[in-house]
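The values are calculated or read from the model by the stated rules, or taken from the named source; none is laboratory data. Not measured: the values here are computed from a predicted model. Don't worry about glycine lacking a Cβ; one is built from the backbone with ideal geometry, like all the others, and counts go over all protein chains shown.
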Amino acid sequence: MTTVWQRLRQLFTPATDAPPDGAAVTAAIAEVRAANLSYCGPPKLENVAEAALAVRAANVRGSWLEAGVALGGSAILLGRLKPRGVPLDLYDVFGMIPPPGAGDGEDAHRRYAEIVSGASKGLGGDTYYGYVDDLQQKVIANLRRFDVVPERDRVRLHPGLFEATLRPAGPVALAHVDCDWYDSVRVCIERIAPQMPVGGIVVFDDYSSYSGCRRAVDEWLATTDDFAPVFHRRSLGVRRAR
């Protein structure tokens, strides 16, 4: 029986590398959620897919990037939606999330206290990803399980704090920033925005979830006319306009 992921691969041909159709994308998102691999509830994964297909339609050149990988659910989706030759760079500590800082509100500090106490629940009764041993290998296994093979599909994992690892060397066409706290989001903006060509899109997963993320994004947008929001449905999509 042909799986959704096999169907997605069939829709990519070496000659055209055409994007998948909407029904296949919807089914793929449902598979990721059914496997308890993404904390991006509706409509967040749908937003990521919309941004990915928009970047493809506009033929925006550059790598794709995710900052904050967790179990790899949204990375699986990005790996299946990207053109074959485009690299996908995945940045994460691949372990316990770093603490929030002074730029974050009570919501972030309360959430972090719950996480480090051991009380945080995983999806569908599974173990919370921050408590998983050797999370990087777990993510790799999840990618392979859904037919995203790092060596074949140009998927690169970058373990460590963003301050040390997140330094894109070339243009970034699409970025999914899912890292919760003010300082982490600010580092992502500072490192990614200058590398983004016109038409490139960055999706901020936690814009409506955590006050620190929203503050970092709002402060940045107040200083630039080069970027403008294109959607706000829980997560916020921002496109480079000039």
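Annotations for the structure displayed:
- Residue count, region 103-130 (criterion: free of Cβ contacts under 8 Å to residues at least 12 places away in the same chain and in a loop (DSSP other than H, G, I, E, B)): 5
- The lone exception for Arg186 - which of (1) closer than 17 Å to Ile97 by Cα; (2) part of a strand (DSSP E or B) it fails: (2)
- Tally of residues being β-branched (Val, Ile, Thr), surrounded by fewer than 21 Cβ atoms within 10 Å (Cβ to Cβ) and outside any helix (DSSP H, G or I) across region 134-149: 1
- Residues located in region 194-233, provided they are under 18 Å from the mean Cα position of the chain (by Cα), over 29 Å from Tyr112 (Cβ atoms) and in a strand (DSSP E or B): Val230
- Within region 13-100, helices (runs of 4 or more DSSP H) holding 3 or more residues that are in contact with a helix residue (DSSP H, G or I) (Cβ under 9 Å, 6 or more places away or on another chain) and surrounded by fewer than 23 Cβ atoms within 10 Å (Cβ to Cβ): 22-34, 44-57
- Against the list (1) of a type outside the set (Gly, Ala, Ser); (2) surrounded by 16 or more Cβ atoms within 10 Å (Cβ to Cβ); (3) over 25 Å from Thr3 (Cα atoms), the condition Val155 fails is (3).
- With respect to the conditions (1) part of a helix (DSSP H, G or I); (2) at positive phi, Asp180 lacks only one, and its number is (1).
- Number of the condition not met by Val177 [criteria: (1) under 18 Å from Asp218 (Cβ atoms); (2) touching a Lys or Arg at 6+ places or on another chain (Cβ under 7 Å)]: (2)
For every residue, the table says whether it meets (1) modelled with pLDDT of 95 or more; (2) in contact with a Ser or Thr (Cβ under 8 Å, 6 or more places away or on another chain); (3) buried (at least 20 other Cβ atoms within 10 Å of the Cβ); (4) not β-branched (Val, Ile, Thr).
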{"site": "Arg191", "(1), (2), (3), (4)": "yes, no, yes, yes"}
{"site": "Gly199", "(1), (2), (3), (4)": "yes, no, no, yes"}
{"site": "Ser208", "(1), (2), (3), (4)": "yes, yes, no, yes"}
{"site": "Val230", "(1), (2), (3), (4)": "yes, no, no, no"}
{"site": "Ala241", "(1), (2), (3), (4)": "yes, no, no, yes"}
